[in-house]
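Below is one structure; the comments refer to it alone.
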Amino acid sequence: MRPGRLIGKAILALAGFLAVFPLLWTALNALKNNVDIITRVPRLVFTPTWANIGYILGRDSVLTGLYNSVVACGSAVLIGIVLGLPAAYAVARYPNRWAGDIQFFVLSLRFLPPVAVAIPLMVIWLQVGLYDTLPALIITYSLLTISVIMWLAIPAFQSVPKDIEEAAFVDGYGAYSVFWRIALPVAARSLAGAVAFSFVLVWNEFLIALMLSSSNAKTLPIVASELSQQGMNVPWGILNASVVLLSLPPLLFLGVLSGFLNSVFRQKKT
């Protein structure tokens, strides 16, 4: 093996270890008590305890935050699919002089710092009476999912061979039938990656959820952060258990759709 390839693999292995180690260490700490966690010398051998996880799963605030996160993120992703995919197909298959500007505008929505968006949205939802409600979070998150899904789905639809669609038109299919029966199944792998990426983005969203909720619509990241606001008496085991619970859905989602996620970014790169 060439030295260059060996060094490259060593760097990738180190990068992978640095990415995975915090997750593994957090999972281990979730099974420790506070004494084992705060000791000066980290303990790799310890008596595991399920008290931290049991405490998390037994708290109504955590379960409510989990419910709010699932409903808000799931609904936003569904809206992103329903609205973003047809819009992406229209831009990909019916290009005009505004197509490039549309793609840039959709992408530019992610350039804005969250605080620049959260404060005006908070004022709007307060005025219309939807502050601290799930509908406000769902609508706000939908703006993010639509833009991300549309941006990633455009190259996926562009990669669908036009010959297949033209043959379908010749056979009497309409534009909607070609979209549902031809374009979607052919580009499904890349589109699944776009959906997975949008879900992870809104699931991990913190600042917007913090600004748009006070009690009833708190998401799981907000609830988990509140566990650390106890001064010197931070329940580190419980805090780590909440981080594990927060990380599980996106990790499982990405684990199942990791191949699709690689596909969508390869399409975007080309």
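Would you mention how many residues in region 180-221 are of a type in the set (Gly, Ala, Ser) and free of Cβ contacts under 8 Å to residues at least 60 places away in the same chain? Counting residues in region 180-221 that are of a type in the set (Gly, Ala, Ser) and free of Cβ contacts under 8 Å to residues at least 60 places away in the same chain gives 2.
Within region 164-179, the set of residues being touching a residue at least 40 places away in the same chain (Cβ under 8 Å) and within 16 Å of residue 81 (Cα to Cα) comprises 179 only.
Pick from 182, 149, 139: which is closer than 13 Å to residue 85 by Cα and either out of contact with any helix residue (DSSP H, G or I) (no Cβ under 6 Å at 6 or more places or on another chain) or of a type in the set (A, V, I, L, M) (or both)? Break it down stepwise before answering.
Values: 182 fails: closer than 13 Å to residue 85 by Cα; 139 fails: closer than 13 Å to residue 85 by Cα.
Result of the check over 182, 149, 139: 149.
The C-beta contact set for region 61-83 (first residue within 16 Å of residue 253 (Cβ to Cβ), second residue assigned to a helix (DSSP H, G or I) and of a type in the set (Gly, Ala, Ser), distance under 6 angstrom, 6+ apart or interchain) comprises 76/142; 77/198; 80/198.
Does any residue of region 159-169 turn out to be out of contact with any helix residue (DSSP H, G or I) (no Cβ under 9 Å at 6 or more places or on another chain), under 16 Å from residue 207 (Cα atoms) and part of a helix (DSSP H, G or I)? So far as region 159-169 goes, no, none of its residues is out of contact with any helix residue (DSSP H, G or I) (no Cβ under 9 Å at 6 or more places or on another chain), under 16 Å from residue 207 (Cα atoms) and part of a helix (DSSP H, G or I).
Considering only residues in region 96-151 that are farther than 27 Å from residue 192 by Cα and among the polar types (S, T, N, Q), the one that is surrounded by the fewest Cβ atoms within 10 Å (Cβ to Cβ) turns out to be 127. Of the helices (runs of 4 or more DSSP H) that lie entirely inside region 175-270, those containing 1 or more residues that are at pLDDT below 85, surrounded by 18 or more Cβ atoms within 10 Å (Cβ to Cβ) and β-branched (Val, Ile, Thr) span 236-269. Against the condition touching a helix residue (DSSP H, G or I) at 6+ places or on another chain (Cβ under 6 Å) and closer than 30 Å to residue 178 by Cβ, how does residue 72 come out, does it pass? Against the criterion (touching a helix residue (DSSP H, G or I) at 6+ places or on another chain (Cβ under 6 Å) and closer than 30 Å to residue 178 by Cβ), residue 72 does not qualify.
Residues in region 8-26 that are among the aliphatic types (A, V, I, L, M) and in contact (Cβ under 8 Å) with a residue 12 or more places away in the chain: 23 only. Apart from one condition, residue 97 fits all of (1) assigned to a loop (DSSP other than H, G, I, E, B); (2) charged (D, E, K, R); (3) under 27 Å from the mean Cα position of the chain (by Cα); the exception is (3). Of all the numbered requirements in (1) in a loop (DSSP other than H, G, I, E, B); (2) out of contact with any helix residue (DSSP H, G or I) (no Cβ under 7 Å at 6 or more places or on another chain), residue 131 misses one, and that requirement is (2).
Can you find even one residue in region 65-82 that is surrounded by 15 or more Cβ atoms within 10 Å (Cβ to Cβ), over 19 Å from the mean Cα position of the chain (by Cα) and part of a helix (DSSP H, G or I)?
Step one: of region 65-82, the residues surrounded by 15 or more Cβ atoms within 10 Å (Cβ to Cβ) are 65-66, 68-69, 71-77, 79-81.
Subsequent filtering for residues that are over 19 Å from the mean Cα position of the chain (by Cα) retains none.
No, region 65-82 contains no residue that is surrounded by 15 or more Cβ atoms within 10 Å (Cβ to Cβ), over 19 Å from the mean Cα position of the chain (by Cα) and part of a helix (DSSP H, G or I).
Note on region 3-12: residues that are surrounded by 10 or more Cβ atoms within 10 Å (Cβ to Cβ) and over 25 Å from the mean Cα position of the chain (by Cα) total 6. So which pairs qualify, if the first residue must be in region 37-56 and loosely packed, with under 13 Cβ neighbours inside 10 Å, the second must be part of a loop (DSSP other than H, G, I, E, B), the Cβ gap must be under 6 Å, and the two must be at least 6 apart or on different chains? Here the result reads 48/31, each pair linking region 37-56 to a residue that is part of a loop (DSSP other than H, G, I, E, B).
The values are calculated or read from the model by the stated rules, or taken from the named source; none is laboratory data. The shown structure was predicted, so the numbers you read here are calculated from the model rather than taken from an experiment. Note: ideal-geometry Cβ built from the backbone for every residue, glycine included; neighbour counts use all protein chains shown.
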